[in-house]
């Protein structure tokens, strides 16, 4: 049996819990018990170790004429893969690999609309401001802590793996260029090494704080960095004074980005 992938109203790829249960060749009369455990168990998601969240990782599936005694759910590809790996199914390896490949395919073939590309461009301009970069980082950290029971001890290790660089790596790069690295923050080191990477990092922080997958966030970060290079956008620290050379960023968007840590929302990307 092969699993069918559905598309939710928000464009998320999902599978049905009942169909996953059948594909894993689990006994039908154990479905009610299994689905309850699946939705209450703890998994290692891309954004931390946590329990599945309704309307984020799963949603109830309502079909006309369906048996109302059996509750079905749409599961994200990531959750379905985690469930499969933790199951006692004899065919779990087959379906875990299939779901993993499907996850990779989904992220690599995600196509942005013309409107979304324009929004990424606006976000790129806004993220040239250090205050917006800081707000995105703080918002991401807040979500990370929430996913890990308030624990942020592994934050920098997690973030280094996500971004592709660490403070130690940046220091070595600066030293190899004969530049002073002592006492500098990651942002200060990036300012000297590759200021457009600061914009990429901020975009990744932003979309991770919005609950997007690592691959999705990195793809948009890479796109934003390319925009920044092509437009020769300069990063500036607006926390102390305004810059005469700041790009013409959308004021409403900038204010929303600065308030992300408190609101957790961004109306430009709904």
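No lab work stands behind these numbers, since they all come straight from the coordinates. Since the model is a prediction, treat every value here as computed from it, not as a measurement. In this analysis, Cβ positions are derived from the backbone assuming ideal geometry, glycine residues included, and neighbour counts consider all displayed protein chains.
Per-residue Cβ neighbour counts within 10 Å put 30, 140 in the sequence 30, 140, beginning with the fewest. A simple spin-label model places the labels of residue 115 and residue 177 4.0 nm from each other, with each point 7 Å out along Cα-to-Cβ.
Between residue 29 and residue 62, take the C-beta separation as r, use R0 = 25 Å, and let me know the FRET efficiency to the nearest 0.05. Before the final figure, lay out the partial values.
Numbers: r = 23 Å, r/R0 = 0.90.
Efficiency, rounded to the nearest 0.05: 0.65.
The calculated FRET efficiency for the pair residue 101 and residue 53, based on their C-beta separation and a Förster distance of 25 Å, comes to about 0.50. Across the range 176-242, counting alpha-carbon atoms alone, Rg and Dmax equal 13.5, 39 Å. The ranking of 137, 145 by Cβ neighbour count inside 10 Å, starting from the fewest, reads 145, 137. For the chain, the longest principal axis of the alpha carbon atoms and the long axis of helix 114-126 meet at an angle near 40°. Using the Cβ-Cβ distance between residue 232 and residue 7 with R0 set to 45 Å, the FRET efficiency from 1/(1 + (r/R0)^6) comes to roughly 0.75. Protection proxy ranking for 218-231, 122-135, 45-58, 174-187, using the average of other Cβ atoms within 10 Å per residue and placing the highest first: 122-135, 218-231, 45-58, 174-187.
Remark: spin-label model distance residue 37-residue 152 equals 3.6 nm, labels positioned 7 Å along the Cα→Cβ axis.
Residues considered: 163, 208, 198. Largest GNM mean-square fluctuation over the chain, using C-alpha springs under 10 Å, is found at 163. For the chain, the longest principal axis of the C-alpha atoms and the axis of helix 130-147 are separated by about 30°. With an 8 Å cut-off on Cα pairs and a minimum separation of 6 or more residues, tell me the relative contact order of the range 114-263 in percent. Relative contact order here is 41 percent.
Pairs of Cα atoms nearer than 8 Å and 6+ residues apart set the relative contact order; for the chain it is 19 percent.
Per DSSP H run of at least 4 residues, take -39500 (n - 2.57); add these up for the chain, divide by its residues and hand me the 222 nm value, nearest 500 deg cm²/dmol. Walk me through the numbers on the way to the answer.
On the way: 13 runs with 147 residues, N = 270.
-16500 deg cm²/dmol, from helical runs alone.
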